[in-house]
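The values are calculated or read from the model by the stated rules, or taken from the named source; none is laboratory data. Note that this is a predicted model, so its numbers are computed, not measured. We place every Cβ from the backbone using ideal geometry, glycine too, and count neighbours over all the protein chains shown. When the accessible area is computed, the model is the full protein with side chains, heavy atoms only, and any ligands, DNA or RNA have been set aside. Shrake-Rupley method; radii C 1.70, N 1.55, O 1.52, S 1.80 Å.
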Amino acid sequence: MQENSFRALDDSPCLKRLYVTSAITADDRHLGHNSFLQLFFDYFGSRKSPFFNRLELLSYDTALWQIVSTELNDAEREDMELELEHEPLSDGELEGLSSSSGHSHESTQAGNIGPPKEDHTEVTDDYEDDTDDLQLANDFRQWLTQPECYTWERVRSGFSRMPLKTLWVHYRNDELVWTVYEFVIGREPVFRPEQSATPSIHDWTDASDEDQSYAFQRL
Amino acid sequence: MFSALSRHQLRSLTYRHPVSDALYLEQFRDAIRPIRDYPSEYDPDTRIIDTGNLTSLSLYNLGTTKTANDAAELTFRLRKQLKTLRLSVASEWQPKIETLQSSPEFMEAVMIYDRECTRDKLYPFIYPFVLADKPEPMRLQELELYGVFDAFDKNNWLCAFDLHTIQKLTLMHYFDCDIGTGDSSFWSHLQSQAVSFKTFKTDCGFNEMFSFLQSSSGLEALFLYDYNRSLRPITLSGHFHSLRKLFYPEWSIRPSHTTGSILEMVVTNCPLLEELGTYLVEQDSYVSCQMHPRPLVHQVLRTRETVWLLTACRKIRLEHSMILHVLSAYT
């Protein structure tokens, strides 16, 4: 799926930023954010691609990601080791930290850091034992579907680069990024008629995916 | 606010006017509310601005005769020093001359003014240049105009803008003032005068615009918004070795090339291309014929107003066969 397009991108000599406004599959479906990201990383993540190594910014529909290296610098490695020495925080402790910060925005971010909470304990164990690669890969794919990916945990992916979700507003001064943002936010959403008497109408309105809600990201 | 600035401090001015209720009425036609313009006391008083060093002027969402006249007066006053000009007009606004004079000569001038305004909503800003005895077009480096009518008179524009100095040109919200009256001579003029830009952004869909693109060279950034046309390789052939940014975000109604082949053409022929905004359609998918136009036609048909249907069809340039196909489903 989308392999022709990805193969063409792979040949680019100096493409650094890619903005995909929409992707339509052969069976007329509009891909969701998560599906596109998984397809993209399934194709490029496991092969030596100069384009993929060069890529610094990727967008799809209303989502924007920085593509960052998974190699840790010294400070990150030290943080990781420190963190691994301690038990992970419980949900109650996390909430306490969040409420003490006093800012709802910060508390939202704190709650979304890293892999899903239910996997948090296992993640630490898996990393230390490194026994179940398949489980790790599955965890990673599940994690890819989460809106935030953060810090040292990305090294577990086995990929050389990772998506880090970012905000459009950080690129307000970049002409093309802001143009893409205005396009994907400003266009009219797909029209969804009420119960229509004409069956053929559903052929082109039923382009469903897991996140077809068009709930645009607010800045 | 402006008087607080020290002398010659102001170099760039951007003002975005508030949106009047009429915009919302356009979106929700069933709503019954009086059209109420925003209070004019919130407009900046351009007369007290020290414009000695002002080289960049951006005025957005102009929607009343007063603000348009102020903007036109300010633009004309700064014509020799401006390097950047950005103007946009509210979609519901219709320019007009407010006068109490009724002499026959003056009424004739008003008729000409009104006629030009129906062809070009930006005419009020160009009007002072047209009236000038000695043409003094602005030597801008960057020009952005939003709310461009298909039928604007290129000769008026040439009175106001020296096209050869412009490096960045943006002509957006290109739309028809009437069905079938588009005037493409502006693009033919650009082609005949061998004008070229560094950055070019438009949603115009004229064949002549694409011919101009094909004949020019040296573009570094190109933003194309036309929904109904495939990007043909030959269109970009003159810009292959200079293009760094390219944006063509939508699929065409009837693509003559798959996205894979267009992508391949772009990435292999543009050695400097660093940023690309595009769409991806799986090969052999014909969804591109179905995604955008039909919902709009369906919505329009529910109103049972033929004028709306024709206007919508013109705007999205549906092919006759598709219109007949959709109509047959409803009759």
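Report the A-B buried area as the accessible area lost on both sides summed, probe 1.4 Å, in Å² to the nearest 100.
Between A and B, the summed buried area is about 3600 Å².
Distances over 21 Å make up what percent of all Cα-Cα pairs in segment B:78-159?
34
For segment B:123-214, give the percent of accessible area contributed by carbon and sulfur heavy atoms, probe 1.4 Å, rounded to a whole number.
On the way: 1570 of 3550 Å².
Here it works out to 44 percent.
For segment A:25-63, which residues drop by 40 square angstrom or more in accessible area between the chain on its own and all protein chains together (1.4 Å probe)?
By number: A:Ala26, A:Asp28.
Which ³J(HN,Hα) values in Hz, rounded to whole numbers, follow from the phi angles of segment B:168-173 under the Karplus curve 6.51 cos²θ - 1.76 cosθ + 1.60, where θ = phi - 60° and Gly and Pro get x?
10, 10, 10, 10, 10, 6
Assuming 0.36 nm per residue, please report the length gained on full extension of the stretch B:Asp50 to B:Gln9 beyond their Cα-Cα distance.
The B:Asp50-B:Gln9 span can extend by a further 14.0 nm.
What does the average come to when, for each residue of peptide A:179-186, you count the partner chain Cβ atoms lying within 10 Å of its Cβ?
3
Quick one: which residues, 5 or more positions from B:Val89 or on another chain, have an amide H under 5 Å from its amide H? H modelled 1.01 Å from N in the peptide plane, none for Pro or chain starts.
Distant-sequence amide H within range of B:Val89: B:Asn61, B:Leu62, B:Tyr146.
Write down the Å³ per residue value for the convex hull defined by the alpha carbon atoms of segment B:62-210.
Each residue corresponds to 118 Å³ of Cα convex hull volume.
How much FRET efficiency would the formula 1/(1 + (r/R0)^6) give for B:Gln193 and A:Leu164, where r is the Cβ-Cβ distance and R0 is 60 Å, rounded to 0.05?
E between B:Gln193 and A:Leu164, to the nearest 0.05, is 0.80.
Out of residues 5 or more away from A:Ser22 or on other chains, whose amide H comes under 5 Å of its own, with H placed 1.01 Å from N in the peptide plane?
When sequence neighbours closer than 5 places are left aside, the close amide H contacts are A:Asp61, B:Leu280.
Mind checking which lysines have their C-alpha under 27 Å from B:Lys121, skipping anything on the same chain fewer than 8 residues away?
B:Lys66, B:Lys80, B:Lys83, B:Lys96, B:Lys134, B:Lys154, B:Lys168, B:Lys198, B:Lys201, B:Lys315
HN-Hα J couplings of segment A:177-186 from phi, Karplus 6.51/-1.76/1.60, θ = phi - 60°, integer Hz, Gly and Pro as x?
4, 5, 5, 4, 4, 5, 5, 6, 7, x
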